[in-house]
Amino acid sequence: MGLKEELEEKAEECDAPEEYIAVAKEIVDGLSDKEWASELLQEGADWAETFEDAVVYAKASLDLLQDTDAATALLEQGKNLCGSTEDFLKLAAAALELKLEDVSKDIIGAASSKCVKVTDFLELSDHIAKVLNDKELAEQTIDKAFEKCSKADDYVVFAKSVLDMFKDKDRAKNVYEKAMTKASKADDFIVLAAGVTTDLQDNDLARKICEKALASLESGNELLKFAETVKKQLDDTDFVMSVYKKAETVFKDFSDYLKLAKAVFDNTGDAAFASLVYQKAAATNPDCGQLVALAISMAKDLKDTDAAVQVLKQAEGAVKTNADFIKTAKAIQEIVTDDETWTSAISFQLEKREEFKALYADFILREQETKTCSPMRTLAHEVFEKTGDKYYAAKLYKLAKALTVNFNDFIKLTAGIHSDLGDEALVRDIYSELLDKCTSLSFYDELTRAIADTLKDEAWIREIYVGIENKSSKNSDFIKLASIAVKKFNDKEWAAKLLSKAEEKCSSLSDFASIAGAVFNWLEDKDWAQKLYGSAASLCQSQRDYGQLICLIKNQTSEQIFLSNIVSSARKKLTSFDDLVFLAETALLQMNDPDIAAEIYAEAEEKAQSNHMLSKLGTSLSRRMDDSKWSSRVLRKIK
C-alpha cells in the first residue's frame, strides 16, 4: 500500500482536531500536498464544537501551510462558535497572537453583539484599549455601554465599573451627571446619591443629586423617609433641615406634625423648628389630652416653656370633662413656674371641683349639651352664683360669646360678664366688636346705654357719637345727634354745630321747621329759630304748604310770635278770597287771635264778588268768629 492510500485511510478515521492536524502534517511532509492538507483542516474545522478548536485549526494552517487566508477564514468560522463576550475576547486574543490584527479587530466588533450587561461592554472596551490599543473603538464601546443604562441602578453599576476598570473619577462623575438628566423619580435620585457617596465619596455631587430628589418629592411621608436617607448618606444637617421644612409645608394633620417634630428633634436637635411644628399641630384643633401631651413634650424635651404655656392655655379652653381639667391642671402646675396668678387660679378651681363634685358633673354635662347662647349665659351665671368659680364661669361666658349672633344677646352677655366677673376688658372688647354691627342710630343708642350702665365711660360714648357725626350725611341724623348732645352730654355748643350741619342739608319746609323746633327747644335760640321758620315760609306757595308749616310749629312750640310771622308772610302770598278766608280761620283756630282774623275777614269781604263768596264768608264769620251781626250784614248782600 502506498503512502497516499495510507494517509487517505488515516484521514477517513480522523475525529479530533489533533488527529486532523497530525494527518495534515504527514500530507505536507510526505506528499507536499498543501491543498489536500488545507481541505483536511477545513473538514476538521467544519466539525469543530468550540471556538478553541477553530483557533487550533487556524494556527495549524499558518504553521503547516503558511496560509493566512485559510487561517483568517477558520477564525471567522470560530466567531460562530462564541457564546459570550468572553469567548469573543479569547478568540480575538488568539487572532492577535497569530499576528492577525485586522481579524482580531473584526472579532472584537462582533463581540459587541453578544454584550448584554453594562459590564460586558466595559470589559470589551478595556480589552480593546489594552490589547488592541484602539482608543477610538474603546470609546465607542463605552458609549454603547452607556446607551444600555435605563435604570438608576444601571448608571451606578456603570460608574463603578468605569472607576474600577479605568480608575477615572472624573469619568465616573460625568456618568452620574448624565444620569441626573435622565432621572425623574425621587427613588432614582436617591439611588444615584447613594452611589456617589459610596463609590466617589463626593458629597458635593451627592447633595446636588439630593436637591433634585427633594424637588421631585411632594408627599410628606416620603419627605420624612428621604430625610433619614440624606442623614445617613450626607450627614448634612442643613440639607436635612431643608427637607423637613418642605415637609412642614405639606403636612396638615395633627399626627403628621407630631411625626415631623419628633424626627426634626431626633435627627437635627433643632428645638426651635420642632417647637414651631408642635405649634402647628396645636393649631389643628386637637382635643385636650393631645394638647397637654404636646405641651409636656415642648417643655421637657425641647425646653420651650413659653410655647408650652401657650399650648396649655389652649388645652384649658378645650377641657370637656373633669378628667380633662385635672390632667390640664397638673400639667400647668408642673410646667408654669412664673405665673402665680394662673397657678393660683388652677389650685382654686381644683378645690372647687373637689368641693362641688356633683354640681360640676352636672355643669360639664350641660356645657356639652348646650348649643345656643342664652342657656350658656344662664349656665355661666349659675356656676358663679352656686360655686363662686369665676374662672369656669368665664370660660362658659366665652363659649356663650362664640354662640351669640343677635345684637341684643351681646348686650345681655356683657351685662352678665360685668355683673359676675367684673371683667371690664372683655366687656369693652365685646362692645368694640359690636360697633361694627351697628347699622342704625338705634343700635348705637342701645350700645351706648349698655356702656353707660356697665363701664360708665362717657368719653368713649362721646367718641362713638363723634364717629357717627363724621360718617353722617342726612339732616335727620344730625338732628338726632344734636338731641343726644343735649340730653346725654348737656353740650349745647356741640348740638349747635350739629344743627348747623343739618341746616346745610335742608331742602324742604319740613326740614327747616324740624331744625327750627330743635334750635328753639334745645338751644333756646329764638332768633335762629325765627330765621329757620322764615326759610321754611319762603318755600310755601299754597294754603296746604302754610297749613303744614303752621301745624309743625304748633307741635313744636306755643310761642305765638312764630305763628304771627308765618301768617304775616302768608298774607303777602295768599291774596285770593279763598286764601283770605283760610288765613282768617287759621288766625282764629291756630293762634286764637280775633284781631288779626278781623283784619283778614275785612279784606275777604272786599273781594267777595259773588253770592257764593258772600255765603261762604257769612258762614265762616258766624261759625269761626262767632260774630252774628257781621255775618248777617254780609249775608244781606246776597242778591
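The values are calculated or read from the model by the stated rules, or taken from the named source; none is laboratory data. On a predicted model such as this, the values are computed, not experimentally measured, just so you know. Ideal geometry is used to build each Cβ from the backbone, glycine not excepted, and the neighbour counts take in all protein chains shown. For accessibility, only protein heavy atoms count, side chains too; no ligands or nucleic acids. Shrake-Rupley method; radii C 1.70, N 1.55, O 1.52, S 1.80 Å.
Of the residues making up the range 2-21, just one is out of contact with any helix residue (DSSP H, G or I) (no Cβ under 6 Å at 6 or more places or on another chain), open to solvent by less than 50 Å² (accessible area, probe 1.4 Å) and at pLDDT 85 or above, namely 16.
Only one entry in 401, 395 is assigned to a helix (DSSP H, G or I), at pLDDT below 95, open to solvent by 20 Å² or more (accessible area, probe 1.4 Å) and under 17 Å from residue 427 (Cα atoms), namely 395. When residue 327 is tested against (1) part of a helix (DSSP H, G or I); (2) open to solvent by 70 Å² or more (accessible area, probe 1.4 Å); (3) without any contact (Cβ under 8 Å) to a residue 24 or more places away in the chain, only condition (3) is not met. When the range 428-448 is filtered for residues that are hydroxyl-bearing (Ser, Thr, Tyr) and either free of Cβ contacts under 8 Å to residues at least 24 places away in the same chain or under 16 Å from residue 415 (Cα atoms) (or both), the ones remaining, listed by number, are 431, 432, 439, 440, 442, 448. Going through the range 347-371 one residue at a time, which ones are within 36 Å of the chain's Cα centre (by Cα) and open to solvent by less than 80 Å² (accessible area, probe 1.4 Å)? Listed by number, the residues that qualify are 364, 366, 367, 368, 370. Check whether at least one residue in the range 212-225 is surrounded by 18 or more Cβ atoms within 10 Å (Cβ to Cβ), in a helix (DSSP H, G or I), of a type in the set (A, V, I, L, M, F, W, C) and modelled with pLDDT of 75 or more, and report yes or no. So far as the range 212-225 goes, yes, one or more of its residues are surrounded by 18 or more Cβ atoms within 10 Å (Cβ to Cβ), in a helix (DSSP H, G or I), of a type in the set (A, V, I, L, M, F, W, C) and modelled with pLDDT of 75 or more. Quick check: anything in the range 83-102 open to solvent by 30 Å² or more (accessible area, probe 1.4 Å), without any contact (Cβ under 8 Å) to a residue 12 or more places away in the chain, among the small types (Gly, Ala, Ser) and in a helix (DSSP H, G or I)? Taking every residue of the range 83-102 in turn, none turns out to be open to solvent by 30 Å² or more (accessible area, probe 1.4 Å), without any contact (Cβ under 8 Å) to a residue 12 or more places away in the chain, among the small types (Gly, Ala, Ser) and in a helix (DSSP H, G or I). Determine if the range 370-390 includes at least one residue that is over 24 Å from residue 321 (Cα atoms), among the aliphatic types (A, V, I, L, M), in contact with a helix residue (DSSP H, G or I) (Cβ under 9 Å, 6 or more places away or on another chain) and touching a residue at least 12 places away in the same chain (Cβ under 8 Å). No, the conditions are met nowhere in the range 370-390.
Please work out if residue 437 is part of a loop (DSSP other than H, G, I, E, B) and on the phi > 0 side of the Ramachandran plot. For residue 437, the condition - part of a loop (DSSP other than H, G, I, E, B) and on the phi > 0 side of the Ramachandran plot - is not met. From 596, 600, 561, 566, which residue is open to solvent by less than 50 Å² (accessible area, probe 1.4 Å), within 29 Å of residue 522 (Cβ to Cβ) and β-branched (Val, Ile, Thr)? That would be 566, the only listed residue that is open to solvent by less than 50 Å² (accessible area, probe 1.4 Å), within 29 Å of residue 522 (Cβ to Cβ) and β-branched (Val, Ile, Thr). Return yes when residue 614 is in contact with a Lys or Arg (Cβ under 8 Å, 6 or more places away or on another chain), open to solvent by 100 Å² or more (accessible area, probe 1.4 Å) and either on the phi > 0 side of the Ramachandran plot or of a type outside the set (D, E, K, R) (or both) and no when it is not. When the stated conditions are applied, residue 614 does not pass them.
Of all residues in the range 306-317, those being open to solvent by 40 Å² or more (accessible area, probe 1.4 Å) and either out of contact with any Phe, Trp or Tyr (no Cβ under 9 Å at 6 or more places or on another chain) or not in a helix (DSSP H, G or I) (or both) number 4.
Based on what the data block shows, is residue 411 under 30 Å from residue 450 (Cβ atoms) and surrounded by 14 or more Cβ atoms within 10 Å (Cβ to Cβ)? In short, yes.
Of the residues 414, 341, the single one that is among the hydroxyl-bearing types (Ser, Thr, Tyr), in a helix (DSSP H, G or I) and in contact with a Phe, Trp or Tyr (Cβ under 7 Å, 6 or more places away or on another chain) is 414. From the list 280, 303, 320, the one residue that fits, being part of a helix (DSSP H, G or I) and open to solvent by 10 Å² or more (accessible area, probe 1.4 Å), is 280. May I ask you to list the residues in the range 291-300 that are touching a residue at least 12 places away in the same chain (Cβ under 8 Å) and either open to solvent by 70 Å² or more (accessible area, probe 1.4 Å) or in contact with a strand residue (DSSP E or B) (Cβ under 7 Å, 6 or more places away or on another chain) (or both)? Listed by number, the list is empty, since nothing qualifies.
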